[in-house]
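Q: Sharing a structure below in structure tokens format, with a few things to ask.
What follows draws every value from the coordinates through simple rules; no lab data is involved. The model shown is predicted, which means the values in this text are computed figures rather than measured ones. Because the Cβ atoms are built from the backbone with ideal geometry, glycine has one as well, and the counts that use them run over all protein chains shown.
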Ligand code: DC
């Protein structure tokens, strides 16, 4: 089946706190494309596991929710779990500390990837995650790999948490990001890596607007 007819997919991958979600959202709104935050879907699944009293480190127990929970985006593009807006809860430390385990389980990934591909079907879309260019939307017209130094990413996450009212230290953010980088890039199935045809963009010294501008340049250079 032809997945799309004259639609453009933009895949943005990169490690935790590289700024993907912020810039991908802005970019999508500028282009009038749909924005999909796939990390939010892994977080929502993790929240479901925690809420069910299951252990996220236990793959078999975590798998037991596949097909039994509904993860979706509402009309305001907020992530929902069984119809309830969980956009705030998925940012909790408890979820952040466990999501990499959930994201390393193949059957859960296949479940969420199939939802992601359905959402992207026949739409102009900006999708961000870890495996969008390498797996979910392998035929995306534009692929960007957004990176930044780990210390800068920890600094950004620390500020973001503070703004959202989550008490953490810079050191805890750095530790969490390093741990997630390791798990995300070392898992067997669909590890975080740059697609061969993706363009690398380093945001360490760039402002949000500068990153969006660079992305627009990349998209234009591809003829879109
Ligand atoms: O982008 P984020 O920090 O909200 O992602 C949360 C976790 O989900 C992160 O540990 C990596 C994982 N993830 C993934 O494995 N594949 C994706 N497409 C998106 C996120």
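Q: Using packing as a proxy for protection, rank 140-147, 53-60 so that the peptide with the highest average count of other Cβ atoms within 10 Å comes first.
A: Values: 140-147: 22.4, 53-60: 13.4.
Packing proxy ranking, top to bottom: 140-147, 53-60.
Q: Taking Cα centroids, how far is the stretch 25-64 from the stretch 72-113 in Å?
A: When both Cα centres are located, 2 Å separates them.
Q: Still on this model: Quick one: among 52, 148, 24, which has the greatest mean-square fluctuation in a GNM of the chain with alpha-carbon springs under 10 angstrom?
A: Among 52, 148, 24, the largest GNM mean-square fluctuation belongs to 52.
Q: Using 0.36 nm times the number of residues separating residue 114 and residue 66, minus their current alpha carbon distance, what extension gain do you get?
A: Values: separation 48, 0.36 × 48 = 17.28 nm, distance 1.18 nm.
Result for the pair: 16.1 nm of gain on full extension.
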